[in-house]
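Worksheet: the structure to be examined is printed underneath.
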Amino acid sequence: MNRAALFEQIKKKNSYLCVGLDTDLDKIPRHLLSSSDPIFEFNKQIIDATHQYCVAYKPNIAFYEALGPKGWESLEKTMNYIPEDIFTIADAKRGDIGNTSALYAKTFFDYFHFDSVTVAPYMGEDSVKPFLYPDKWVILLAHTSNPGSSDFQLIESVVTGRKLYEEVLIKSQQWATPDQLMFVVGATQAEKMESIRAQAPEHFFLVPGVGAQGGDLKMVSKYGMNKQCGLLVNSARAIIYAGNGQDFAQRATAEAVKVQEEMSNYLHKYAN
Ligand SMILES: O=c1ccn([C@@H]2O[C@H](COP(=O)(O)O)[C@@H](O)[C@H]2O)c(=O)[nH]1
């Protein structure tokens with residue numbers, strides 16, 4: 001999906017919500033465990049319950065590969081079930097020497113048909129470039145949401161005076177256009193969102209960390225939005241595990257609606 005189509009979806013749904021499909025056998029409702037593929041059954045019901053309110057789904061690949069071949073099968077069925085007009089993100093955090101990165105790209109783009117994949121920037125340009133495909137996206141980790149993000153990402157270069165995450169934001173803009181490249185910026189970094197947006201004015205940001213991690217959707221939206229919205233805000237546990245009984249899908253709908261309504265307000269307020 002290209003940038004224009006993504007922005008169309010955001011305007012149509014008044015939403016920049018990305019629902020994280022971090023589907024864990026230990027957390028899904030017990031009554032689903034008797035089905036032949038509980039992970040897919042859960043995802044199917046979550047997708048049915050939330051697709052009207054979100055513009056993207058982000059399966060975190062760890063939750064599927066941890067289950068071996070069965071997990072990959074559940075992922076494939078999930079990808080086939082997600083409606084065509086919804087943006088898909090393989091949260092895989094890959095990146096290696098060029099020929100290996102090329103095979104990661106093949107897995108997620110050619111085999112699973114994801115629109116985008118998250119990539120770690122640590123190995124540099126030749127590890128990222130193989131992920132640049134026409135009408136597909138690289139989502140580069142810039143400033144992540146976890147407590148350990150300060151261990152390396154805040155280290156300042158003695159040469160440029162910039163922090164490592166700022167180097168990632170600036171340097172990588174030489175490798176790809178804003179039609180191919182997004183950045184991961186954690187919602188827990190909301191106080192830095194204004195300066196991060198100034199360093200990458202055109203790019204979309206994938207923002208995980210609202211909901212279970214406590215990030216602030218209002219601050220993220222106020223300081224992170226650009227003219228084309230420029231944000232995909234992810235929430236996984238707070239939506240998909242809002243309930244764990246027979247009514248889990250309705251509970252997920254209620255949570256997704258709550259977030260979408262808030263986003264609709266911010267789109268009208270901040271996206272001009
Ligand atoms: O900086 C990052 C990068 C990725 N993630 C991933 O996003 C989701 C968040 O899930 P919640 O349940 O909404 O907390 C998860 O898949 C993480 O691996 C992140 O949290 N922060």
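The values are calculated or read from the model by the stated rules, or taken from the named source; none is laboratory data. Just so it is clear, the model here is predicted, and its values are computed rather than measured. So basically every Cβ, Gly included, is an ideal-geometry build from the backbone, and we count neighbours across all protein chains shown.
The condition of being within 17 Å of ILE139 (Cα to Cα), surrounded by fewer than 16 Cβ atoms within 10 Å (Cβ to Cβ) and at pLDDT 95 or above holds for only one of PRO178, PRO201, that being PRO201. Only residues that are away from the ligand (no atom under 14 Å from the Cβ) and either surrounded by 14 or more Cβ atoms within 10 Å (Cβ to Cβ) or without any contact (Cβ under 8 Å) to a residue 24 or more places away in the chain (or both) were counted in the range 55-74, giving 8.
Select from the range 215-240 the residues that are basic (Lys, Arg) and more than 27 Å from ARG251 (Cβ to Cβ) and write down the one among them that is modelled with the highest pLDDT. Only one residue tops the list, namely LYS222. Taken as a whole, the structure places LEU169 among residues that are at pLDDT 95 or above, assigned to a helix (DSSP H, G or I) and within 16 Å of the ligand (Cβ to nearest atom). Tell me the residue from LYS77, LYS93 that is modelled with pLDDT of 95 or more, under 17 Å from the mean Cα position of the chain (by Cα) and surrounded by fewer than 22 Cβ atoms within 10 Å (Cβ to Cβ), please. Exactly one of LYS77, LYS93 is modelled with pLDDT of 95 or more, under 17 Å from the mean Cα position of the chain (by Cα) and surrounded by fewer than 22 Cβ atoms within 10 Å (Cβ to Cβ), namely LYS93. Residue check: is GLN199 more than 11 Å from the ligand (Cβ to nearest atom), out of contact with any strand residue (DSSP E or B) (no Cβ under 6 Å at 6 or more places or on another chain) and either within 22 Å of ASP115 (Cβ to Cβ) or of a type outside the set (Phe, Trp, Tyr) (or both)? When the stated conditions are applied, GLN199 passes them. Tell me whether the range 202-215 contains one or more residues that are within 15 Å of the ligand (Cβ to nearest atom), in a helix (DSSP H, G or I), of a type in the set (Val, Ile, Thr) and in contact (Cβ under 8 Å) with a residue 40 or more places away in the chain. No, that holds for no residue.
Yes/no matrix, rows are residues, columns are (1) of a type outside the set (Gly, Ala, Ser); (2) assigned to a helix (DSSP H, G or I); (3) within 16 Å of the ligand (Cβ to nearest atom):
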{"site": "GLN173", "(1), (2), (3)": "yes, yes, no"}
{"site": "PRO178", "(1), (2), (3)": "yes, no, no"}
{"site": "VAL184", "(1), (2), (3)": "yes, no, yes"}
{"site": "LYS222", "(1), (2), (3)": "yes, yes, no"}
{"site": "GLY243", "(1), (2), (3)": "no, no, yes"}
{"site": "GLN250", "(1), (2), (3)": "yes, yes, no"}
{"site": "THR253", "(1), (2), (3)": "yes, yes, no"}
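Residues of the range 204-214 include at least one that is modelled with pLDDT of 95 or more, under 18 Å from GLU166 (Cβ atoms) and of a type in the set (A, V, I, L, M).
Taking the condition of being within 16 Å of the ligand (Cβ to nearest atom) and over 22 Å from ASN43 (Cα atoms), how many residues in the range 224-241 meet it? Total satisfying the criteria: 2.
If the condition is being charged (D, E, K, R), in contact with a helix residue (DSSP H, G or I) (Cβ under 9 Å, 6 or more places away or on another chain) and within 16 Å of the ligand (Cβ to nearest atom), then the range 123-165 contributes only LYS163.
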